[in-house]
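Below is one structure, written out as structure tokens, with a few remarks after it.
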């Protein structure tokens, strides 16, 4: 058999439906976005998903007389939730790209990541169809929730890998610093009826401004830099490389936290008056737009934690530090610094010191199936509303997380994870791969046709040259 025929056979692929029916190895489902050799990343992802589940269940299950604790704890522990989860997910794109680089065609890698990202965006929009906020039902198909943003961040992170690290960090910092002012301009433009600014506000802030495009897109720029450091250390595989990685994460984590708390930032649109990250912000209980921040609760819904925290008779909290309000410049530095610091601490104990326990193994498993846990845990939240005090909630909430873990374990181990979000992501990646193979096959055929035409053209030119040359005597 000729090499050309062999290449053609390798490029041929089974029909798409039969291809998707092929069984996916369970390990692929667990590790589709995992660094594998650095288990602390999965541990931290599992750690984050536990706190996300506790936050969501607490918002629905806590009794009114305990809700002030929810406001206080949510504000303080938000560093363990969406920002950490998004940081890790954007960082993990590096592993998906680098593991296949040089082995798989670049278009196939691109198609896999883009397809997965699009599916996540669609899933995120579907979860927006019915939103419960402050006891009210709302419909908002488009909105920047955590799943929608994860999908966008995966696609965006893939494309910005082509930018040098120094430029990425510069762009990321500029986005963080300028975003509040840009969002304020869009908000005021919307209020004044400017059509262009209203459309831009809808796209960037959205009806559910929990993880707005600005400044959260900065995470993709910054996290991919540290993802590359992780991948380089993994390739070296030496203890010195891992110690160096720990120092990078630890030092930069502290720097980012200090910048978030103590650095000075523009006060809204006032670039003359700059305020430190620890400046206290407030919002009125009667008017959600009456606030020290432009847009109030409509732009910074996280401010509502201040109102929750003051629903008690023990003390009055005068304001919420700017660095604890999700979406501010100070908060983005503070949260990403906390993410780096948390990763470095667990990396030190789990990957450097090789600490192991059943608890660590459970959270690593949670990290590998974090997408499924995030989506499935919403199913049973409507069972209870405002029924539990803080002590009873902690017992029931932790039990609920254990139940979710057991449910996922049975689903993955005994039913091969069929139908789970991780399974769906891999299937969508396969579709992207088939598209890439089709492109590769078409490109090869076009290349062969062009080469054939070039040969014919050369032969014609040669014959013309012979016909013009006089015969030699």
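The values are calculated or read from the model by the stated rules, or taken from the named source; none is laboratory data. From a predicted model like this one, the values you see are computed outputs, not experimental measurements. Note that we place each Cβ from the backbone using ideal geometry, even for glycine, and neighbour counts take in every protein chain shown.
In the set (1) surrounded by 16 or more Cβ atoms within 10 Å (Cβ to Cβ); (2) in contact (Cβ under 8 Å) with a residue 60 or more places away in the chain; (3) within 30 Å of residue 41 (Cα to Cα), residue 229 fails one condition alone, (2).
Name the one entry in 385, 393 that is surrounded by fewer than 16 Cβ atoms within 10 Å (Cβ to Cβ) and touching a residue at least 12 places away in the same chain (Cβ under 8 Å). Steps first, answer last, please.
Details: 393 fails: surrounded by fewer than 16 Cβ atoms within 10 Å (Cβ to Cβ).
Every option except 385 fails the conditions.
Looking only at residues of the range 236-283 that are touching a residue at least 12 places away in the same chain (Cβ under 8 Å) and part of a loop (DSSP other than H, G, I, E, B), we find that the one that is nearest to residue 332 (Cα to Cα) is 277.
Filtering the range 338-357 down to residues that are over 24 Å from the mean Cα position of the chain (by Cα) and assigned to a helix (DSSP H, G or I), which residue is farthest from residue 78 (Cα to Cα)? Step by step, filter the range 338-357, then rank; the result is 352. Given the criteria in contact with a strand residue (DSSP E or B) (Cβ under 8 Å, 6 or more places away or on another chain), at pLDDT below 90, over 20 Å from residue 249 (Cβ atoms) and surrounded by fewer than 21 Cβ atoms within 10 Å (Cβ to Cβ), does residue 131 qualify? Judged against the criteria, residue 131 is a match.
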